[in-house]
1. If you average the sequence gap of Cα pairs under 8 Å that are 6 or more apart and divide by the length of segment 215-291, what percent do you get for the contact order?
2. What FRET efficiency would be calculated for the residue pair Val15, Glu38, taking the C-beta separation as r and a Förster radius of 25 Å, to the nearest 0.05?
3. I want to make sure I understand the PRE zone here: with the label point 7 angstrom from the Cα of Asp179 toward its beta carbon, which residues in segment 141-162 have backbone N atoms less than 19 Å away?
4. Highest first, please rank the peptides 444-454, 102-112 by the mean number of other Cβ atoms sitting within 10 Å of their residues.
5. When averaged across all projection directions, what area in nm² does the alpha-carbon convex hull of segment 503-692 cover?
6. Of Pro34, Asn6, Tyr44, which is farthest along the charge dipole of segment 1-46 in the positive direction, counting Lys and Arg as +1 and Asp and Glu as -1 at C-beta?
7. Could you work out the relative contact order of segment 306-349? I mean the mean sequence separation of Cα pairs under 8 Å and 6+ apart, divided by the number of residues, in percent.
8. Enter the Cα centre distance for the pair segment 440-505 and segment 559-589, rounded to the nearest angstrom.
Amino acid sequence: MGWVNNRSDGVVVRVNTDKDGVERFISQIRGEAPPASEINHTEYVQIDNELFTEFSIIKSEAISGEITEVSPDIALCVDCLNDMKHQKHRIRYPFVNCTNCGPRFTIIRDLPYDRPKTTMSSFEMCDTCNKEYTDILDRRFHAQPVACNTCGPQLMLLPESELRSTDEIVSYVAARIDDGEIAAIKGMGGFFVACDAENQSAVVRLRAGKQRESKPFALMFRDTETLKHYARVSPSEEALLQSWRRPVVLLEKIKEPAPAALNGLKYIGAMLPYMPIHYLLFEKLKCSVLVMTSGNISDEPIVIDDKTALSTLKPVAYLVLGYNREIHNRVDDSVAFCIGETVHLMRRSRGYTPSPVRLPMRTEGIFAAGAELVNCFAIGKGNQAIMSQHIGDLKNAETLDFYTESAGRYLRLFQCEPEVFVADLHPDYLSTRFARESGKPVIFVQHHHAHIASVMAACGISDKVIGVSFDGTGLGTDGTIWGGEFMVADFNDFERLFHLEYIPLPGGDSVTKQPWRTALSWIIKCYGALWEERFSKLFPEIQIQEAQILAQAIHLKINSPVSSAAGRLFDAVAAIIGACTEASFHAEAPMRLENLASAECSEIYPFQVNGSEIMCSDIISAIVSDRMNGIPVEAISTQFHHTMAIMIQNICEQIRATNGISEVALTGGVFQNRILLQSATTLLTRSGFQVLQQSKVPLNDGGIALGQLAIAAARRG
Ligand code: ZN
Ligand code: ZN
Ligand code: FE
């Protein structure tokens, strides 16, 4: 007998028992903890005699300064799925949930986590729900969003229609999707746009509506069995797909759905149903695979409210399926891939956020502004980093609003009073400006140093490591664009020991949309005055006059900043072998290049090291010759990937020889290339290196804020 109190600094239990009893009690709590819970630390003390006659729950109270964690949203559990079939008041109820599942972060307005502080506050529990909610033996005991068919949120078509019952609505939506129509469906953290993934015309229309020219769509499969017809699924991938976090997992394709869904890429972004409505839909649907892509137009943030859904998604979708529980915090689907048993996050959102990342240092009062393109910010609380959900590209005005709004919300929710801001060295990043405008002291951190620190922080390592930081762009301390960096770094500082050969980028940022421009620049560098002949053979579709103008710009150094970024080298190779000359989405060229490669290879292209510069011209000219000699593009791509992995191994060996360091952090968006990541990891491990593995934050710029936070914490002392 005793009581339990869910306070903002943790759970406190007071019981009458002896020492053995309390230890048994703690081990039982650990053993039987719900799947989505995480117990960080337990302790007990003996206090003066106090005799209890019953076990009670004490109302939540806020203890200022200390807060417990906010749970991420949790996929529907098996028990609740069962209740949808058998429990009288929840038959086919689309918002069933319990203490082990359901919405959390997306509905929370304030702490401590209690119903009045969520968007469930407007729904009054019926007697049945209230009985469950207050019955300590019930699995819905204190489940804040508890609801049933009588008292809870309901599905509704927008704008209002005469279809009212869940059955009528779900049958109608399923039938329209099976007819080839597009539906906008309100999900956990935002709206989604869905259609039959086997219906080419529907997928093409969806693409046109979303203005998403060719980026592959995420797909939702009826169940694991169906999914296995379409993709190879390893045991770790299966476990991740079915976990309560239920992210989108990139899998190797076996069978193609409608061609427009993946646009020729070999990975399927697959997920399984995670909300009751998904199960209800699949019950009625004839099709077994849905395109389930975020409900937004182009690069805007995912739509969360009904009004915006009607104005922006209705023109794309035949119907809009909503419900009357408000989404407070916008959260996209998370995206991950597995290499062996290691999970690599590409987007950390639903199911992960706002779970903290624990760090080996005190971070209290630091706000890390993040990068710009794949932004995510972080706030320091105690000795942890609370990472925001994926925010997106801040250059989009709506996304910037989302950033500002979320930053304010996190600071309020987690009661953080930032004393210091930390931002990227790049003065024009909108996140850097945000930090500057705070009026607080700002610590500036070099982008690739932050990438390395992010991996170190996630692994809990603070000793010096070798960092291989490969990405598309990031301002260097010398004013040039970096992104093919080999550094020795700790949290305090870094030393840039080697980097890829510099290449001018004619037109600056526009090269990312036109990889052929970087290819042109390399061809000019490799062949000098003879570039035109090679270029026009490789790029017959590009007007030579246009190339000549760019050649002039490079020559005169007009709007042609130099860059050592690995991402650009991958772009150039993709363009030269014709895999992608114009990119219609971020990182399309390296993705298409990877698409052609396989892991097994023994040949490499030649490269040399000149001082601190790793010369890549020989790689490019060898690839140009191979291409002109009709060597299959698959073989070229494979050999190029192998070359880069060998290069990483060689350079790391050189660094180890002089510095004696054998821990390596492979980081930056380029390492989302699975073939590169896997072969570099294998080679390094074989030569006795320890490659740091972490599953906490993305290797892309979504992980930058964590690195910034750790560096700022270390520098602050
Ligand atoms: Zn449940
Ligand atoms: Zn009820
Ligand atoms: Fe980066």
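1. Answer for segment 215-291 is 45 percent.
2. So the FRET efficiency works out to roughly 0.65.
3. 156-162
4. Highest to lowest by the protection proxy: 444-454, 102-112.
5. Mean shadow area of the hull around the Cα atoms is 10.7 nm².
6. It is Asn6.
7. Once divided by the residue count of segment 306-349, the mean separation gives 25 percent.
8. A separation of 21 Å, based on Cα centres.
The values are calculated or read from the model by the stated rules, or taken from the named source; none is laboratory data. Given the structure is predicted, the values throughout are model-derived calculations rather than measurements. Positions of Cβ are backbone-derived with ideal geometry, glycine not excepted, and every protein chain shown enters the neighbour counts. Just so you know, the surface numbers come from the protein's heavy atoms only, side chains and all, with ligands and any DNA or RNA stripped out. Shrake-Rupley method; radii C 1.70, N 1.55, O 1.52, S 1.80 Å.
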